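Comments concern the structure below.
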Amino acid sequence: MGSAQCVGRVGALAVALGVGAAVFTGSGVAWATEDAAGATTSESERTATEAGGDSGPESDGDAEPELAADPEAVDDVDEQEQEQEQEQDTEDADREDDDREDTDVEDADVEDAGDDEPYGTPDDDEPVLARDDDTAETEGRGEPDRDVPVEAAETISSTTVEDPVDTGASQRLAVEQGAAVSTTTLDPPEVPSWRPWPTAFDLRTAVTYVVQLTTSFVDAVLRPFAADPPRPPADPSGWALLAWVRRELFNGTPTPVENPVPHTQSLTADGEVRITGNVGVEDPDGDALTYTVIGRPRHGGTVTVDADGNFVYRPMNAMAAVGGTDTFTVAVSDEHDGLHVHGLFGWLQFVPIIGDLLNPGGGHGRSVTITVNVSPVDGIDLALPDDFRWGVAHSGFQAEGGPGSPVDTRSDWYRWVHDPLNRLLGLVNGVPENGPGAYVSYEGDAALARDQLGVDTFRMSIEWSRIFPNSTAAVDITDEGGALSLADLEALDLLADQDAVAHYRDVFATLRRYGLDPFVTVNHFTLPVWVHDPIVARPLIQLGLPAPAAGWLSPTTATEFEKYAAYLAWKYGDQVDNWATLNEPFPPVLTEFLAIPWVVPNWPPGVIRPDLASTFLVNQAIGHVAAYDAIHAWDTTAAATGGPAAFVGFTHNMIPARPANPVNPLDVQAADAWNHFYNKWFPNAVIDGWVDADFDGVQTADEIHPGMAGKVDFLGVQYYGSQPMVGFGVAPLPGFPFLRGFPIRCSPQEPTCSDFNQPTDPGGFREVLELAASYGKPLWVTENGIADDDDTKRPSYLVNHIAVVQDLVAHGTDIRGYTHWSFVDNLEWSEGYELQFGLYGSDPETPELERIPKPASIAALSGITTVNGLPVPLLQTYIPS
């Protein structure tokens, strides 16, 4: 489980922090100017009086410098250039289409031009992810079997901020061409600042924070005037003029119709279920209405709404096969049909921010939740491809510790959870010594994973501090133009703990002996103490003083990470093919740099310095690119027959934010800002090459780095649930432009809420998978699970979320595998052992570290993995009806 499970605690900051405290903590960053209307548009939002053609959604794109090139890349350049020239004409034609809105569902309009093709996909047949509009097929963009589903573009995501610049997918090929031939380090991205050292306070960002607040206020003032001017009266007579005045000043809010059109189920020519109907809302004044679908249907279906409020809903395959019930929410508004006022309270729309707090949306709209009942049909294909991978996961620090396991005292997290002050204040709970002991129980775990769970992949991490307990800074890699040489690796080998190196070789050999492919995370949050000493660094960073071991705030960390990644590839390349460089690079900005005691989980270094978030992210992006190139350079042996030597990506926690009140512009803005930064910043940086170093959401020429583009072979998606947001109207914390509101948490007593107070939402899973697919790379679900201590919610969660994956794969999304988090209950970082995500519990008091199975969840997962599909009896038990 990643730090994203902690983000909901930020909600308690709505009042606790305030602008004044934020200014004290550091500097701010301006947020991109939003649509003046304040209500964001999305591709299926239309005016009822207009003929609405879809304007395709936009995918953010551009690029940045690479640190070390793949030596094999040069061999592929000529072939890639030929392929790219053939596609250039098509891209030129598409460029105009790429000026489109930045919705949660983004579209990729370009072929993958990466150096290393994913296994089973030869160069000439690399799938193209086509634009998700009605013209995609007729324009010939993309192969039908690998297109992003049409529903991804037809359906509205939670309404999102309109991109201020063209960041379309058509830019990706151009920047990846540059990345493909780069063999030397380019100028790395830098965070614009006036800091004398990385952890200093910065006057420049304090200035931009004031600009941000001013911009937000001006946008709020202008928003009501974004609509067309008032319509003049059609009849100048007295009564008509009075009617016009009434319409302008006492306009009626859209209302539900008394007898809505009944829903009708039918089958398409392809045998797919379609349910049609109407939203059932009318305007008493005859105003034109717009319809915006919020997120996705709750239980994994898709829906589109036309200009007249007519909808077409498609259930996911699992629900079509056994029947069930789904719901979706539509926001209906008359705001854009000329400037008008909804009675006395309607005048509050002209009061910036406060008006929407008192009278959300000014009376212009309402939200409607529609329930559809699906009748089962025969002949639905519920299988997954033969090469689809199934796995389970845990990480080193969280699972390795326990009785009999050697204690790793050289990691930042070890020092953090053992720090007397942290323990006294209750900022940490639990220590790794009481863990499930995966360091010594790996063979038994492998047997359970194969025999009881039916999986073929085991995701785990290697602890950097175990391999290199002491600094590797003495190994100079600049003498080879910035690229690692064999001599460098041999020098690193002299510094490595050979017992730890041999241990991980034994683990990988054991996994393969049990028929399990190792899926290795190079860095799962923890850092060696010589890279990050949180106890020493905490007061220095908080006070803005130089901190010598400041983790990812230090500019040298990316170089040390590159050495570490290259060493792992060199040592384990013959055993490992699937690599994730970083685990969830974005979420720690909340838990590390907004670590307010007892409000937000405190992760090392546990400071309140949100102004450092961009530095943290930019350095991680540089480190990822360097590690990506290093792994490809030094893992040249395919461990699995027929596969690539190295299939490299990163794992990305994604949380779709939804407006708590879909007609409140403040909530909409809060959800938009979260989705833009949290879900897209890092993929934009290392896939599109747009490194938003100043963290303002506006793409500028100096933020485009071709050497950073295309530096993933796959994108790992990690999803636990969605997040309703209540908006502030501004981003009160400098450095956190994505936090324009606070999340609403649910109660674990609710059937659709995890023990971590997070809503479970299969529709949100579809939403983030569609967004991830829009980047044009293969996907792998690297984490998905639920905190559920009594194992009553997990079986249904598993079945419904895997059903979403099956439906997307069946409709053309390239998802390579599904990995459940977690194999065994483990140390959930500062939360301790209370949150239980495992398919097994453990008893560290027993000599054999007994694994305690959770039968219902194991039966649900193994029932799916053993048939590589969705068994109807499982669906009949767990699909909502």
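Bear in mind that the values in this text are calculations on the coordinates, not laboratory data. Predicted model, so just to flag it, every value in this text is computed and none were measured. Note: ideal-geometry Cβ built from the backbone for every residue, glycine included; neighbour counts use all protein chains shown.
Some observations on this one:
- Packing order of peptides 694-705, 336-347, highest average first: 694-705, 336-347 (average count of other Cβ atoms within 10 Å over each peptide's residues).
- Shape call, the stretch 614-680: gyration tensor on alpha carbons, a/c limit 1.5: oblate
- Pairwise inverse Cα distances across the stretch 494-614, averaged and inverted, put the Kirkwood hydrodynamic radius at 16.2 Å.
- If R0 equals 35 Å, the separation of the Cβ atoms of Thr636 and Ala383 corresponds to a calculated FRET efficiency of about 0.50.
- Under the criterion of Cα pairs below 8 Å and six or more residues apart, the relative contact order for the stretch 354-473 equals 33 percent.
- Panel order for Trp464, Trp239, by other beta carbons found within 10 Å of each beta carbon, from fewest to most: Trp239, Trp464.
- Between Ala701 and Gln452, residue separation times 0.36 nm minus the direct Cα-Cα distance comes to 84.3 nm.
- Anisotropy class of the stretch 601-742 from Cα gyration tensor, a/c 1.5 cut: prolate
- Between Phe225 and Gln876, the modelled label-to-label distance comes to 6.4 nm, taking each label 7 Å out from Cα in the direction of the beta carbon.
- FRET efficiency for the Thr846 to Ala206 pair, using the beta carbon distance and R₀ = 60 Å, is estimated at 0.60.
- Relative contact order of the stretch 309-365, pairs being alpha-carbon contacts under 8 Å that are 6 or more residues apart, as %: 30
- The stretch 721-805 pair-distance distribution - Cα-Cα, 10 Å bins, rounded %: 16, 37, 33, 15, 0
- Counting other Cβ atoms within 10 Å as a rough exposure proxy, the listed residues Asp356, Asp476, Asp378, Asp493 run Asp378, Asp476, Asp493, Asp356 from fewest neighbours to most.
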